[in-house]
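I have a structure I would like to understand better, so I am pasting it below and will then ask my questions one at a time.
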Amino acid sequence: MAEGLRERKKRQLRQRISDMATALFLEHGFEAVTIAAVAEVADVSVNTVYNYFPAKEDLLFDREDEVVERASRLVRERGEGVSAVRAVLARMRQDVAERNPYAGMDPGYARFMRIIQESPTLMARVLRMQGRMVDRLAATLREETGASPDDPTPEFIAHQVIGMQNAVDRSIGRCHTAGSTPEETSAEVLRQIDVMESLLSDGVLNYAVKNTP
């Protein structure tokens, strides 16, 4: 369905508030910025900020649901004959090779990560997000394979996949912090993805091949 004018304006306002809040966090740190300060720079009321973002950390993680869903979506959309893990690995490589900002390949990612690492509140939120990602992917793998409720395999595979994503994120952040060029970061992280894949068993790599009896 086409987005209506009212919905578009609400989405645009939500994005503007989040963008301005993120700029404040990058300049002053997460803990030092108040909701009142965000409301002032966004030229809205404090109540309006809370209407769109019930918790302060929501302002920074405004795309949390999209991030949580991403691995599951890649698995559901994988091609015929492609396993769940290989589908995610392929997208990781593509994002890194193309230096996709979504994957943290923008040099500003290091600043973003410092804001998170300096805040216990944000670090707790990251851990919660990672748990949601595992739960969501495990549910998708269970649906895709028809695994029984007492089969632990989907959850174990989900932990492997999300763990790899976390490792890639950390590697990208370290490269940025070290002052690596985008080309150097891409080459190094692609090398590390190859190493990760080489350490995975055939059982993990070939789990949930699509349309395979």
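The values are calculated or read from the model by the stated rules, or taken from the named source; none is laboratory data. Since the model is a prediction, treat every value here as computed from it, not as a measurement. Every residue, glycine among them, receives a Cβ derived from its backbone with ideal geometry; neighbour counts consider all protein chains shown. Areas reflect the complete protein model, heavy atoms only, side chains present, ligands, DNA and RNA absent. Shrake-Rupley method; radii C 1.70, N 1.55, O 1.52, S 1.80 Å.
Please give the contour-minus-distance gain from V195 to A90: 0.36 nm per residue of separation, less the Cα-Cα distance, rounded to one decimal in nm.
Answer, rounded to one decimal: 36.4 nm.
Contour minus end-to-end for D19 and Q117, with contour as 0.36 nm per residue of separation and end-to-end as the Cα-Cα distance?
Numbers: separation 98, 0.36 × 98 = 35.28 nm, distance 1.94 nm.
Length difference between fully extended and current span is 33.3 nm.
Let me ask something additional. Around T34, under 12 Å between beta carbons, what's the net of Lys plus Arg minus Asp minus Glu among the other residues?
Net charge around T34: -1.
Measure off 7 Å from each Cα along the Cα-to-Cβ vector at E183 and K210, then give the distance between these two points in nanometres to one decimal.
3.5 nm
Show D62, D19 ordered by accessible area, largest first, where the area counts protein heavy atoms only and the probe is 1.4 Å.
Per-residue accessible area, sorted high to low, gives D19, D62.
How large is the helix-only mean residue ellipticity at 222 nm for the chain, computed as the sum of -39500 (n - 2.57) over DSSP H runs with n ≥ 4, divided by its residue count, in deg cm²/dmol to the nearest 500? Please report the intermediate quantities before stating the final value.
Details: 10 runs with 148 residues, N = 213.
Here the helix-only value at 222 nm equals -22500 deg cm²/dmol.
Using a Förster distance of 41 angstrom, determine the FRET efficiency expected from the C-beta separation of S148 and D169, and round it to 0.05.
Computed FRET efficiency for S148 and D169 comes out at 0.80.
Full extension from Y102 to Q12: what is 0.36 nm times the residue separation minus their Cα-Cα distance, to one decimal in nm?
30.5 nm
For the chain, with all protein chains present and a 1.4 Å probe, just round the carbon and sulfur fraction of the accessible area to a whole percent.
Carbon plus sulfur share of accessible area: 52 percent.
Return the label of the correct value of P(r) over Cα pairs in 5 Å bins from 0, in percent, as calculated from the structure shown, out of [x] 1, 7, 13, 15, 16, 15, 13, 10, 6, 3, 1, 0; [y] 1, 7, 15, 20, 21, 18, 11, 5, 1, 0; [z] 1, 6, 11, 14, 15, 13, 9, 6, 4, 4, 3, 3, 3, 2, 2, 1, 1, 0, 0, 0.
Only one option fits the structure, namely [x].
Classify region 95-170 as rounded, prolate or oblate, taking a ≥ b ≥ c as the square roots of the eigenvalues of its Cα gyration tensor: rounded when a/c is under 1.5, otherwise prolate if a/b is larger than b/c and oblate if not.
It comes out oblate by the Cα gyration axes.
In the chain, once you exclude exposed GluC sites (Glu not before Pro) (DSSP loop, at most 10 other Cβ within 10 angstrom), what's the longest stretch remaining?
81-213
Then there is this: Where the Cα atoms of region 1-112 are projected onto their three principal axes, how long is each span, largest first, in whole Å?
That works out to 52, 37, 21 Å along the principal axes.
Sort region 174-213 into rounded, prolate or oblate with this rule: let a ≥ b ≥ c be the square roots of the eigenvalues of the Cα gyration tensor; rounded if a/c is under 1.5, and if a/c is not under 1.5, prolate when a/b is larger than b/c, oblate otherwise.
On the way: a/c = 4.61, a/b = 3.02, b/c = 1.53.
Prolate.
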